[in-house]
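A.B. asks: Input: one structure, supplied below.
The values are calculated or read from the model by the stated rules, or taken from the named source; none is laboratory data. Because the structure is a prediction, the values reported are computed rather than measured. Every residue, glycine among them, receives a Cβ derived from its backbone with ideal geometry; neighbour counts consider all protein chains shown.
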Amino acid sequence: MRRALLAALAAGLAGACAIGPSYHRPDVGTPSTYRPPSATADSLRPFYDSLRASRESTVAEPTIAIDSIANLDWFDLLQDPELRKLVETAIAQNRDVRVALATISEFRAQYGATRGALFPRVDLNAFGGTQKAVFGSLPVASTFDVLSATADLQWELDFWGRIRRSTEAAKSDLLSREENQRAVILTLVSDVATAYLELRELDVDLEISKRTLASNEETLRLARRRFEQGLISELDVRQFESEVASPAARVADFERQIVQKEDQISVLVGRNPGPIPRGRALTETLAPLTIPAGLPASLLDRRPDVRQAEEDLHAAMARIGVAKGELMPKFTLTGEYGTQSQDVNDLFHNSTEIYQLFGGVSMPLFTGGQVGKQVDVARARTEQARYRYEQTILLALQDVNDALVGVRATRDVTAAQERQTGALRAAYRLADERYQNGISNYLDVLDAQRNLFSAELSLASAQRQQLVAAVQLYKALGGGWPRAIGADSTRAQ
């Protein structure tokens, strides 16, 4: 009967409502669509479209639609095999990722420990010894052996749901750490991809500088020969000599930046600084994306920072119930069951059975505010968590809007820069031919050289910015998760 009563009581407690507010996602007024392009951008759209339609480019046409961006795996976006290897190595070896994984293990263990308080605690105790005692007025002391083996029960009945609220908060803490791990990986992959794109741009810049240096040196050699033939003055030669110095200085500077960028990538992937292998050309590194005028703001639900902030709010709200539960009466069951005898051979006989079962209740009457004020503390922390959640959503909306603008703008900048570079390349060729034929002076050639060199570097920068903008948009939308991120999700548990 006692067992039946205990089982019924436990079942009733398990189904009882928990004290404190239950969590509901707050309405923060998220817009249904993102900010559309400006009127100026729309008015210039035909012009930029004509540039892209007429330009000669090796960039592949867009193949990935926006409705599938958020569902893409990172490895579908990253087309460069060497970049994929770097990302996989970073996920496996980066120290920040390992810290995030260890943190998840900590909070998972804490969740299990907190949840364990819902169940009774049973301890096994055993002792033995000899005791000498005097009974009443008898002058002779009695000496006897005592052997005991018992199982002790301690159980706090979660009548008000305080422990369940504490478990709910611990689970939200664990989910928050899991989202933090995803945020760390999302940022890491973005950082590796961005650094690799910057490295490939530096490679292009170095190649352009070396090619320009070689061209200028050839122009200088021809100028010196023409000077020896008396066709030009020494001033012309000195001007051509000055033009050789600019790309030469850039070659040295780009070589320095390449080594530093390789060291940065090495640290990101969790290994000692060293060379980084290259894969495809800069413009072939990522799969291009098709971006419409607007995106549904519901994609924000994929962002790990937003999900983490929401779990933090959930945990803070659950702890209001924990604090309120401390003000309520606590019902406990304590018991003991075992055997006691003077002889080990008599243990575990019916005649040596001992047991006790007690029920208790305790309630704080006066604590000087130590308990009651904790409710105010929990409420204040919940307000803080709510404001952090709302701020995280605002920043997420800003990230996506900025990324969308960046993708559109850099695409147009690249198209215009390619048109300019092509025109300046043709202008330099014509200026050099006219100079060789004596039709124009050396200043036309020098101006054409400088303009072309600057335009080619600007084009490489624009191409890199266009690819980085795609990475930033993919990150802003929450991205897809790599195939193995180390820890299983707790949401389904």
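A.B. asks: Within the range 454-482, count every residue that is assigned to a helix (DSSP H, G or I) and within 23 Å of the chain's Cα centre (by Cα).
C.D. replies: Selection size over the range 454-482: 13.
A.B. asks: Moving on. Does Gln239 satisfy the condition of being in a helix (DSSP H, G or I) and more than 21 Å from Ala448 (Cα to Cα)?
C.D. replies: No, not satisfied.
A.B. asks: Next question, about the same structure. For the range 90-116, give me the residue count where each residue is assigned to a helix (DSSP H, G or I) and either closer than 22 Å to Ala195 by Cβ or at pLDDT below 90 (or both).
C.D. replies: Residues in the range 90-116 being assigned to a helix (DSSP H, G or I) and either closer than 22 Å to Ala195 by Cβ or at pLDDT below 90 (or both): 10 in total.
A.B. asks: Something else about it: Under 8 Å between Cβ atoms, at least 6 apart or on separate chains: pull out the pairs that start in the range 404-418 with a residue that is within 14 Å of Leu457 (Cα to Cα) and end on any residue that is part of a helix (DSSP H, G or I) and polar (S, T, N, Q).
C.D. replies: From the range 404-418, the pairs are Val413/Gln465; Val413/Gln466; Thr414/Gln463; Thr414/Gln465; Thr414/Gln466; Gln417/Ser458.
A.B. asks: Do you know which of the residues in the range 117-146 that are touching a Gly at 6+ places or on another chain (Cβ under 9 Å) and modelled with pLDDT under 85 is farthest from Ile19 (Cα to Cα)?
C.D. replies: Out of the qualifying residues, it is Asp145.
A.B. asks: Which of the residues belonging to the range 340-373 are out of contact with any Phe, Trp or Tyr (no Cβ under 6 Å at 6 or more places or on another chain) and in a strand (DSSP E or B)?
C.D. replies: Selection gives Gln340, Ser341, Glu353, Ile354, Gln356, Leu357, Phe358, Gly359, Gly360, Ser362.
A.B. asks: Name every residue in the range 320-339 that is small (Gly, Ala, Ser) and either closer than 30 Å to Gly128 by Cβ or assigned to a loop (DSSP other than H, G, I, E, B) (or both), in order of residue number.
C.D. replies: Selection gives Gly335, Gly338.
A.B. asks: Looking at the range 349-363, which of its residues are exposed (fewer than 14 other Cβ atoms within 10 Å of the Cβ) and either touching a residue at least 60 places away in the same chain (Cβ under 8 Å) or touching a helix residue (DSSP H, G or I) at 6+ places or on another chain (Cβ under 9 Å) (or both)?
C.D. replies: Within the range 349-363, Ile354, Leu357 meet the criteria.
A.B. asks: Only residues that are in contact with a Pro (Cβ under 8 Å, 6 or more places away or on another chain) and not charged (D, E, K, R): list them for the range 82-121, please.
C.D. replies: Answer for the range 82-121, where residues must be in contact with a Pro (Cβ under 8 Å, 6 or more places away or on another chain) and not charged (D, E, K, R): Val87, Ile91.
A.B. asks: While we're looking at this one, here's another question. How about the range 435-453: which of its residues are exposed (fewer than 15 other Cβ atoms within 10 Å of the Cβ) and in a helix (DSSP H, G or I)?
C.D. replies: Correct list: Gln436, Leu443, Asp447.
A.B. asks: If I filter the range 475-484 for residues that are closer than 30 Å to Arg238 by Cα, buried (at least 18 other Cβ atoms within 10 Å of the Cβ) and not β-branched (Val, Ile, Thr), do I get at least one hit?
C.D. replies: no
A.B. asks: Take the residues of the range 307-332 that are surrounded by fewer than 19 Cβ atoms within 10 Å (Cβ to Cβ) and in contact with an Asp or Glu (Cβ under 8 Å, 6 or more places away or on another chain): which is farthest from Ala18 (Cα to Cα)?
C.D. replies: So, considering only residues that are surrounded by fewer than 19 Cβ atoms within 10 Å (Cβ to Cβ) and in contact with an Asp or Glu (Cβ under 8 Å, 6 or more places away or on another chain), the one farthest from Ala18 (Cα to Cα) is Thr332.
A.B. asks: Do you know which residues across the range 364-383 are out of contact with any helix residue (DSSP H, G or I) (no Cβ under 6 Å at 6 or more places or on another chain), modelled with pLDDT of 90 or more and hydrophobic (A, V, I, L, M, F, W, C)?
C.D. replies: Within the range 364-383, Val377, Ala380 qualify.
Each row is one residue, and each column tells you yes or no for (1) of a type in the set (A, V, I, L, M); (2) modelled with pLDDT under 80; (3) farther than 27 Å from Gln79 by Cβ.
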| site | (1), (2), (3) |
| --- | --- |
| Leu220 | yes, no, yes |
| Ile265 | yes, no, no |
| Leu282 | yes, no, no |
| Asp301 | no, yes, yes |
